[in-house]
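Reviewing the structure listed below.
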């Protein structure tokens, strides 16, 4: 999620500039110690000790050997530490370089075989300073003074609390989690609850995920929860879908009312994007001690059971108060972030641009196209145009936080250029089908959109994703001639734009070179619709 509402939030993420170049490369690139093996399964066992804010655990990593190699990189951030690694009952040696552990394997790593590795770890994980933006573990107390604990680690990485292959390009195919907490507390994690095992002092919750999942989407939520669900399963495009809600016991009545928006969300997004991607794992909204995040099949919620973003309308138009921002935005990530995941965080705009735009499409479905356009155009006031939306590859480096609002407005501009809502919907659904449960690059997404829409968008993507500049439409009216061009633009930018001259529609294809057309003598007023995210002069 990590929406940088910069008027309120000023805490930055850990950026490449705050890391050593070596650590940025180890975290953000496909190192030789990562490239030779493919994740299959994590069997993650965690015990949480709230009183001293520590955890211990075991992670059994199942993987397929792609190439013979005998050193493996596993990531775990300080002050956490790996204490023991074994394979086939043999204890293995390892060395540490910052957050990267390099494990020397003894068993022959034969290409095509499936192997297992067991990692034990412990420590007091980094406490989140301002979750979910500056993340880690959240150790809070609820209104009754009881433990209320969660993880939120998209920016800083899942290795802040558990050892794993902490790079987005390789998603694990499935996951089991066994979370042990003190008696009286409940853990809610990803997927479906298999069973609960209790003894005198603790309870262990076993959750299972059947679908591929990104590392940062794996989460713990621990508190005095109560559970409710839809009386009848949601009837979605792939059949009945279980939709479960977990909230603190004293918030049950408020949640029953506010979470009525969840089926509305599901209906709208299945319409626009295609079937919910994780029917096997169900859908959950889980109350958390911070604003919220897009943990796969375990979407966290902390928006105060109110519409808007903490009661505010990010667009300033009134349209943003028609829905609960966290329910809609974070659930939108189930399609963009969890179904389609960036291979490199430099392409994070795929997650945030499309998901910010999903708020607009929710409004479109339930409140109409005009309300949707008003909202997304209103979001422009939050755009800073400080740097490109795409960051530096291989260095765990994100682009501008404009990836939200500018990304959404780029997509709204493309929809306007297409001027065919049936084709637009077909393309968004096709995108989720084409890259179903996959990690992708921006280049792949761009190529798909260009082909599906049959539109020359290379310059559009280069302009809005790879520069910080907004193109300026310059024009002149001279007697019976309209001259026009783009400035502040990449040389190959080309956009079909419908403008209105004295109320008459004109279809232009605007480029960086001056063009001209004949118009009625002494025309007075040229209007460029606000649906295009361009400036005019």
Problem set entry | Relative contact order of the range 388-537, defined on C-alpha pairs under 8 angstrom at six or more residues apart (%) | 22
For this session: For an R0 of 25 angstrom, estimate the FRET efficiency from the Cβ-Cβ distance between residue 83 and residue 199 and round to the nearest 0.05.
Result: 0.55
Exercise. How high is the FRET efficiency between residue 257 and residue 369 when r is their beta carbon distance and R₀ equals 45 Å, given to the nearest 0.05?
Worked result: 0.95
For this session: Could you check the simple spin-label distance between residue 250 and residue 71, using points 7 Å along Cα→Cβ, in nm with one decimal?
Result: 5.4
For this session: Please report how far the C-alpha centroid of the range 343-420 lies from that of the range 40-60, rounded to the nearest whole angstrom.
Result: 36
Seminar exercise, completed: Most packed first (mean Cβ within 10 Å per residue), the peptides 178-186, 513-521 order as 178-186, 513-521
Exercise. Along the three principal axes, how long is the range 238-375 when you take its alpha carbons, biggest first, rounded to the nearest angstrom?
Worked result: 38, 36, 31
Problem set entry | Per residue Cα convex hull volume in Å³ - calculated over the range 403-537 | 106
Problem set entry | Förster radius 45 Å - calculated FRET efficiency between residue 447 and residue 51, Cβ distance, rounded to 0.05 | 0.30
For this session: Using only the Cα atoms, work out Rg/Rh for the range 472-536, with Rh taken as the Kirkwood radius, to two decimals.
Result: 0.94
Problem set entry | Inter-part distance where the range 463-537 and the range 65-82 are each reduced to a Cα centre, Å | 54
Exercise. In whole Å, what are the Cα extents of the range 77-134 along the three principal axes, biggest one first?
Worked result: 44, 23, 19
For this session: Quick one, can you get me the convex hull of the C-alpha atoms of the range 145-199 expressed as volume per residue in Å³?
Result: 116
Exercise. Considering only the chain, what is the antiparallel percent among its DSSP beta bridges, to the nearest 5?
Worked result: 80
For this session: Measure off 7 Å from each Cα along the Cα-to-Cβ vector at residue 124 and residue 505, then give the distance between these two points in nanometres to one decimal.
Result: 6.6
Exercise. Over the Cα atoms of the range 32-332, what Rg and Dmax result, in angstrom?
Worked result: 19.9, 63
Exercise. What whole number of Å gives the distance from the Cα centroid of the range 106-167 to the Cα centroid of the range 269-285?
Worked result: 25
For this session: Normalising by the residue count of the chain, find the relative contact order in percent from Cα pairs under 8 Å and 6+ residues apart.
Result: 11
For this session: Compute the whole-percent fraction of alpha carbon pairs in the range 140-279 spaced more than 26 Å apart.
Result: 33
Exercise. In the P(r) worked out for the range 340-466, what percent of Cα pairs fall beyond 22 Å?
Worked result: 32
Seminar exercise, completed: Honestly the range 448-493 on the Cα gyration tensor test (a ≥ b ≥ c root eigenvalues; a/c under 1.5 rounded, otherwise a/b vs b/c for prolate or oblate) is just oblate
Exercise. How high is the relative contact order of the range 472-536, given as a whole-number percent (alpha carbon pairs under 8 Å, six or more residues apart)?
Worked result: 40
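Read-outs: derived from the displayed coordinates by stated rules, not from any lab. Bear in mind the structure is a predicted one, so any value in this text is a computation, not a measurement. Positions of Cβ are generated from backbone atoms using ideal geometry, with glycine treated the same way; all protein chains shown enter the neighbour counts.
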